[in-house]
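Have a look at the structure below before the remarks.
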Amino acid sequence: MRPKIIYTNHARQRMAERNITEDEIEQVLVWPDYMISSGDRNSMAAKKIGGRDIRIVYKAQRERIIVITAY
């Protein structure tokens, strides 16, 4: 079972500004080109999709992932 993805208001605003979809966010989180994990702190995942680099800053918890921002 995949964790539930929750978006902060900030993440939703940045996604709208940058035309990043929820499907793209899920692709980045599930199949990243690379990740930087910092244990208890926020992590970053990145993937090239359709010729553009998408980066996600998120916090992984037991049963959910909180997306903090996307660029």
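Here are the numbers for this structure:
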quantity: Residue that is surrounded by the fewest Cβ atoms within 10 Å (Cβ to Cβ), among those in the stretch 24-71 that are charged (D, E, K, R) and closer than 13 Å to TYR7 by Cβ; calculated: ARG64
quantity: Within the stretch 7-23, tally of residues that are aliphatic (A, V, I, L, M) and either surrounded by fewer than 15 Cβ atoms within 10 Å (Cβ to Cβ) or on the phi > 0 side of the Ramachandran plot (or both); calculated: 1
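Read-outs throughout are calculated quantities, based only on the coordinates presented, and are distinct from any laboratory measurement. Bear in mind the structure is a predicted one, so any value in this text is a computation, not a measurement. Note that we place each Cβ from the backbone using ideal geometry, even for glycine, and neighbour counts take in every protein chain shown.
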